Amino acid sequence: MKLEDFVFQHRGETVDDYTASTLLQLKGEGKVISEEATAPLPHSTFEIPLEDINDVKKHSAELIVLTEHASYHINYNSN
C-alpha cells in the first residue's frame, strides 16, 4: 500500500462482534498478497482491527502487526 494517511479510530461499543471497536485505518492505493494470489484493494482504505493483536514487531524499516486473523507488514520506503 502506498500510504497517504492513517487514522486511529475508536468507535466504542459495537452491536455485534463483526466490526471492531478500535482500529487502524490506512488510506492509499494498495494490494493484498496471499499464498494463492495478489489482488488490488477494493477501496482506498484498509482497516486493521486492534482488539485482536497478538504481537507487534519493529525492525529497521518495517512494522509487523500480528492479529488473530492475519499478519500485516508495514514497510517504510522513502520513494
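Bear in mind that the values in this text are calculations on the coordinates, not laboratory data. This one's a predicted model, so the numbers in the text were calculated from it and none came from an experiment. Cβ coordinates were reconstructed from backbone atoms using ideal geometry, including for glycine residues, and neighbour counts include every protein chain displayed.
Compute the distance in nm between two label points, each set 7 Å from the Cα along the Cα-to-Cβ direction, one at Glu35 and one at Glu68. Calculated label separation equals 2.1 nm.
Other residues with beta-carbon under 12 Å from the beta-carbon of His43 carry, at +1 per Lys or Arg and -1 per Asp or Glu, a net charge of -1. For the peptides 4-10, 48-54, residues were scored by their other Cβ atoms within 10 Å and the scores averaged per peptide; the highest-first order is 48-54, 4-10. Taking segment 42-59 and a reference point 7 angstrom along Cα→Cβ of Glu4, the backbone N atoms nearer than 20 Å belong to 42-48.
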